[in-house]
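> Dumping the structure here so I can ask a few things about it.
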Amino acid sequence: MEKFTTHTGRAVPLRRSNVDTDQIIPAVYLKRVTRTGFEDGLFAAWRQDPGFVLNRPEYAGADVLVAGADFGTGSSREHAVWALQNYGFKAVISPRFGDIFRGNSLKGGLLTVLLPESDVERLWQAVEEDPTTAVTVDLVEREVRYADVVLPFEIDDYTRWRLMEGLDDIGLTLRHAEEVEIFEQSRPAWKPRTLAAAD
Amino acid sequence: MADKGRTLAEKIWQEHVVRSAEGEPDLLYIDLHLVHEVTSPQAFDGLRLAGRAVRRPDLTIATEDHNVPTVNIDQPIADIVSRTQVETLRKNCADFGIRLHRMGDASQGVVHVIGPQLGLTQPGTTIVCGDSHTSTHGAFGALAFGIGTSEVEHVLATQTLPQYRPKTMAITVNGTLPDGVTSKDIILALIAKIGTGGGQGYVIEYRGEAIRALSMEARMTICNMSIEAGARAGMIAPDETTFAYLKGRQHAPSGADWDAAVAYWRTLVTDDDATFDAEVVIDASDLTPFVTWGTNPGQGAPLGASVPDPSTIVDDAERASAERALEYMGLRPGTKLRDIEVNTVFLGSCTNGRIEDLRAAAAVLKGRKVADGVRVLVVPGSMAVKQQAESEGLHSVFVEAGAEWRSAGCSMCLGMNPDQLAPGERSASTSNRNFEGRQGKGGRTHLVSPLVAAATAVRGRLSAPSDLD
Ligand code: SF4
C-alpha cells in the first residue's frame, strides 16, 4: 500500500446523498479477477449523462471527491474503492460513510474523511464557484484546507499511523502468529469445521 | 467491568479476542469464513504474491452464486467474463484446499442460504464473508458481518481480523404480528423508521415477543437486512427454535458434543443489567404489509399508502433524494401504491429465497394465474431448497400459475447473470436492495415480502393476498 501523508488537488462536488456502492460501480463491472481496470465502471450509469459532474471539463483531473451523506452504503464490494482509485481519486470527503466501504477504503489507502454536513456544503460552494480551488487533505495534521479555511477532522491514531506508514494489515497480524496459535488451542472441539477430519 | 452485565454481542466478542492492545483494534478470531466468486479472486492473488497459504481451510467454505445462470446449469456459463470468474474460484479452491460447492451440486446456493442449511452457522460463532448480507447468520446468535476483499485475504492468511469494538443497539419488537404480515414487513418498516444510516456503527440485537415468535427463516430475513439500516451486523439470541433448527444438520455437533454446545449456547443471552448504546422499540401489532417506493430501502411505506409528496419533506437532503427517486422510479406523488403496475416479480435471494418463503408464495398462487404480461421468476436460494420444494410439489404450483421455476443463485437480486430487468421495467422483488439499476440498468425495484410478491404476480399491481378474491 502507498503511504498517505498529505495530498493537494482539485475537488469534484458530488451533490448527492445515499450514493450506494451499486452506483459507484454496478454489479456487471465486478467480473474482473484483477485489482485494476475498474475505472470504466465508476458511476457508470450517471456518467452517460453529459451534464454529470465528472463529465464537466472544469473538473477533469480533480482527485478529491466531495459527496453527500451516506456515501458507500450497500454492498461490501471493495471494487468500489478500486474503481475510485483506478479513476484517480486520492480522497473522498463525506458527512457519513457506509461502514464496510470506509473500512475497505482505509485498508486500501483511499483516505475517507468525515466532515460535518455544513463544512461539506461550504466546500461544495467553494469548488462550484471556483473549480480551480486547491484542496489539501492533510492526514498528518488531520485537517482539510482550502483558500483560508481550515477544517479539522477525526481519524483514530492507529489507522492514521498505518496509512502514513503504508503498512499492510496482514504483515502486522502475522507478528502475533503465536498468540493466534495459543487461542486456537483453547477452542472447543465441537465448533464447526467445513472439512471432515479424513478430508 | 467484571460486575457489569454484558450484551450478547459483547459476550461473543470477548470470547474471540486473540489480542487486545491500547489504541489498536482488537484482533478477533474468525470461526467460519464463507467465500464466493466475486469478492475473492484478488484475495487469493494476494496470497500467491506473498507466498502465503490459507491458514485454516477447515474453517473456510466456498460456493458459486453471484454469477451463475439459473437455467441450463449443466452447460458452461455463456458469459465469458462470468465464466472466468467462476473458473478462477474453482482453481483457487483446488490450489488452496478449500471445499467448494459448484454449480449444480446438491449443496450449492447463495452463500447465506447454505451456511445455515449445512449447520455451519452456529450460535456464539464469528462468521465473515466478502458480502454485506453476512448479517443473515446473526439470526442464530452468531456475530456475523460482511468484509471487503482485503479483509478476505487477511482472514484467509490469518483466520483473524483486526476490528474495532462496535456499539450495540437493541431493537425490541413487541406484540404479535397480524395475519399476512411477515418478518420482511417488520424490517422494511423498521428501516423506513430509523433510516439507511440509522444503525451505522452498531451491531443490532433484535428482541421482544414478536421476534421470539419467528421461525429461523423469518429471523434470517430480518438479520439479513440489518445492513440496509446501515448496521454492521444484526443478531438474535439463540433459543429452542434455534436448537431445533440446527439439530441433526450435517455440520451441527452430535452426541455429547451437542449437549456441550447447547449448554454453552444457552448462556448466549444479553444479561438483564447490560446496557445498549441505543434502543428502538416498535410494536408488531401496528404493522401491515410494507413496500418500497424509492431507490433506497428506507424509502418505503405501508402498501395501503400512496407515493409520498417530496415537497412535504423538511430535510433538504432527504427531499432531494426523494425527488430523484421518484423521477428514476417513474412515479407521481399521490399515486396509490396498490395502483402501481409491475412487469416482473422476483421471488428469491438470501432475504427470501428459503423454503418457507416459497411455501408462503405457493399457498397464494395455488389455483391462481399470473396476470397477463407479467414475468415471474422463482429462484430458490439453494439447490437443497429447490429439491425440498420439488418434493413438496411447490414447483408445479408455480409452473401451473405461469411462473418460471429456476435453479439456485443470486439471480435477479443483483443481475450479474442474465436475469435482469430491462431499462424502465418495474419489479416487485423479495430481495433486499432497490438501488438504481440494481436488478439491471434502468430497472425499477419495489421491495416486498413473498406474500406481496405472489399477490402482485396475480393482480399485476402491488397487492397483498387479501386483495385477491
Ligand atoms: S442473493 Fe443478493 S443480497 Fe444475497 S448474496 Fe446474492 S446478491 Fe447478495
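> So which residues in region B:101-149 are without any contact (Cβ under 8 Å) to a residue 60 or more places away in the chain, under 27 Å from B:Gln387 (Cα atoms) and within 17 Å of the chain's Cα centre (by Cα), if there are any at all?
Hits for region B:101-149: nothing passes.
> While we're on this one: Count, please, the residues in region B:392-418 that happen to be within 16 Å of the ligand (Cβ to nearest atom) and aliphatic (A, V, I, L, M).
Qualifying residue count, region B:392-418: 4.
> Go through region A:76-112 and report how many residues are surrounded by fewer than 21 Cβ atoms within 10 Å (Cβ to Cβ), within 18 Å of A:Val12 (Cβ to Cβ) and in contact (Cβ under 8 Å) with a residue 40 or more places away in the chain.
Count: 4.
> Are any residues in region A:1-22 over 30 Å from A:Ile170 (Cβ atoms) and not in a loop (DSSP other than H, G, I, E, B), and if so, which ones?
Those that are over 30 Å from A:Ile170 (Cβ atoms) and not in a loop (DSSP other than H, G, I, E, B): A:Thr8, A:Ala11, A:Val12, A:Pro13, A:Leu14.
> Now a separate question. Out of (1) within 16 Å of the ligand (Cβ to nearest atom); (2) under 18 Å from B:Pro69 (Cβ atoms), the odd one out for B:Leu358 is which?
Failing condition for B:Leu358: (2).
> Follow-up. Only one of (1) crowded, with 23+ Cβ neighbours inside 10 Å; (2) more than 7 Å from chain A (Cβ to nearest Cβ); (3) away from the ligand (no atom under 16 Å from the Cβ); (4) not hydrophobic (A, V, I, L, M, F, W, C) is not met by B:Thr158, so which one is it?
Failing condition for B:Thr158: (2).
> Taking only region A:36-59 into account, find how many residues are surrounded by 19 or more Cβ atoms within 10 Å (Cβ to Cβ), in contact (Cβ under 8 Å) with a residue 40 or more places away in the chain and part of a loop (DSSP other than H, G, I, E, B).
Here the count works out to 1.
> Please go through (1) within 16 Å of the ligand (Cβ to nearest atom); (2) more than 13 Å from chain A (Cβ to nearest Cβ); (3) out of contact with any helix residue (DSSP H, G or I) (no Cβ under 7 Å at 6 or more places or on another chain) for B:Thr430 and return the number of the only condition it doesn't satisfy.
That leaves (3) as the condition not met.
> Quick test of your reading of the structure: B:Thr335 fulfils all but one of (1) at pLDDT 95 or above; (2) crowded, with 17+ Cβ neighbours inside 10 Å. Name the failing condition by number.
The one condition B:Thr335 does not meet is (2).
> Another question about this same structure. Please specify each residue of region B:14-65 satisfying the condition of being over 21 Å from A:Ala189 (Cα atoms), facing chain A (nearest Cβ under 8 Å) and within 16 Å of the ligand (Cβ to nearest atom).
Listed by number, the residues that qualify are B:Val38, B:Thr39.
> Name every residue in region B:329-355 that is within 16 Å of the ligand (Cβ to nearest atom), out of contact with any strand residue (DSSP E or B) (no Cβ under 7 Å at 6 or more places or on another chain) and of a type in the set (A, V, I, L, M, F, W, C), in order of residue number.
B:Cys350, B:Ile355 - these are the residues of region B:329-355 that are within 16 Å of the ligand (Cβ to nearest atom), out of contact with any strand residue (DSSP E or B) (no Cβ under 7 Å at 6 or more places or on another chain) and of a type in the set (A, V, I, L, M, F, W, C).
> Quick test for you: out of B:Gly109, B:Gly119, B:Gly130, B:Gly146, pick the one residue that is farther than 24 Å from A:Asn104 by Cα and out of contact with any Lys or Arg (no Cβ under 6 Å at 6 or more places or on another chain).
B:Gly109
> So, one more: Take the conditions modelled with pLDDT under 95 and more than 18 Å from B:Leu8 (Cβ to Cβ) and apply them to B:Asp283. Does it pass?
It is false that B:Asp283 is modelled with pLDDT under 95 and more than 18 Å from B:Leu8 (Cβ to Cβ).
> Regarding B:Gly367, is this residue surrounded by fewer than 24 Cβ atoms within 10 Å (Cβ to Cβ) and of a type outside the set (Lys, Arg)?
Yes, satisfied.
> A follow-up question, please. Out of the residues in region B:77-113 that are among the acidic types (Asp, Glu) and closer than 16 Å to B:Pro41 by Cα, state the one that is farthest from the ligand (Cβ to nearest atom).
Per the stated criteria, the residue is B:Asp95.
> Same structure again: Can you confirm whether region B:234-256 contains a residue that is at pLDDT 95 or above and closer than 25 Å to A:Ala69 by Cβ?
Yes: region B:234-256 contains one or more residues that are at pLDDT 95 or above and closer than 25 Å to A:Ala69 by Cβ.
> On the basis of being outside any loop (DSSP other than H, G, I, E, B) and within 11 Å of another protein chain (Cβ to nearest Cβ), does A:Ile100 make the cut?
It is true that A:Ile100 is outside any loop (DSSP other than H, G, I, E, B) and within 11 Å of another protein chain (Cβ to nearest Cβ).
> Any chance you could count how many residues in region B:292-318 are more than 25 Å from B:Ala464 (Cα to Cα), within 14 Å of chain A (Cβ to nearest Cβ) and either at pLDDT 95 or above or crowded, with 21+ Cβ neighbours inside 10 Å (or both)?
Looking only at that region, the number is 1.
> Going through A:Glu154, A:Glu181 one at a time, which residue ends up being loosely packed, with under 12 Cβ neighbours inside 10 Å and part of a loop (DSSP other than H, G, I, E, B)?
Every option except A:Glu154 fails the conditions.
> Could you pull out the residue among B:Ala371, B:Ala389, B:Ala384, B:Ala454 that is within 16 Å of the ligand (Cβ to nearest atom), more than 14 Å from chain A (Cβ to nearest Cβ), in contact with a helix residue (DSSP H, G or I) (Cβ under 9 Å, 6 or more places away or on another chain) and touching a residue at least 24 places away in the same chain (Cβ under 8 Å)?
B:Ala384
> Checking the condition hydrophobic (A, V, I, L, M, F, W, C) and in contact (Cβ under 8 Å) with a residue 12 or more places away in the chain, which residue from A:Ala126, A:Ala189 passes?
So the residue among A:Ala126, A:Ala189 that is hydrophobic (A, V, I, L, M, F, W, C) and in contact (Cβ under 8 Å) with a residue 12 or more places away in the chain is A:Ala126.
> Give the residue that is farthest from the other protein chains (Cβ to nearest Cβ), with candidates limited to residues of region B:114-144 that are of a type in the set (Ser, Thr, Tyr) and away from the ligand (no atom under 16 Å from the Cβ).
B:Thr126
> Checking B:Met412 against (1) more than 14 Å from chain A (Cβ to nearest Cβ); (2) outside any loop (DSSP other than H, G, I, E, B), which test does it fail?
Answer for B:Met412: the failing condition is (1).
> Which count do you get for residues in region A:62-93 that are aliphatic (A, V, I, L, M), outside any strand (DSSP E or B) and within 14 Å of chain B (Cβ to nearest Cβ)?
5
> Also: Can you name the residue in region B:207-239 that is farther than 21 Å from B:Thr134 by Cβ and in a helix (DSSP H, G or I) and is also farthest from the chain's Cα centre (by Cα) among such residues?
Residue satisfying both the conditions and the ranking: B:Glu209.
> Report yes if B:Glu425 is closer than 22 Å to B:Ala322 by Cα, more than 16 Å from the ligand (Cβ to nearest atom), more than 22 Å from the chain's Cα centre (by Cα) and more than 14 Å from chain A (Cβ to nearest Cβ), otherwise no.
Considered against the rule, which asks whether it is closer than 22 Å to B:Ala322 by Cα, more than 16 Å from the ligand (Cβ to nearest atom), more than 22 Å from the chain's Cα centre (by Cα) and more than 14 Å from chain A (Cβ to nearest Cβ), B:Glu425 comes out as yes.
> While we're here: Mind checking which residues of region B:240-268 are part of a loop (DSSP other than H, G, I, E, B) and either at the interface with another protein chain (Cβ under 10 Å from one of its Cβ atoms) or surrounded by 17 or more Cβ atoms within 10 Å (Cβ to Cβ) (or both)?
Once the filter is applied, which keeps residues that are part of a loop (DSSP other than H, G, I, E, B) and either at the interface with another protein chain (Cβ under 10 Å from one of its Cβ atoms) or surrounded by 17 or more Cβ atoms within 10 Å (Cβ to Cβ) (or both), region B:240-268 yields B:Arg249, B:Gln250, B:His251, B:Ala252, B:Pro253, B:Ser254, B:Leu268.
The values are calculated or read from the model by the stated rules, or taken from the named source; none is laboratory data. All values reported here derive from a predicted model rather than from experimental measurement. No Cβ is skipped: glycine too gets one built from the backbone with ideal geometry, and neighbour counts run over all protein chains shown.
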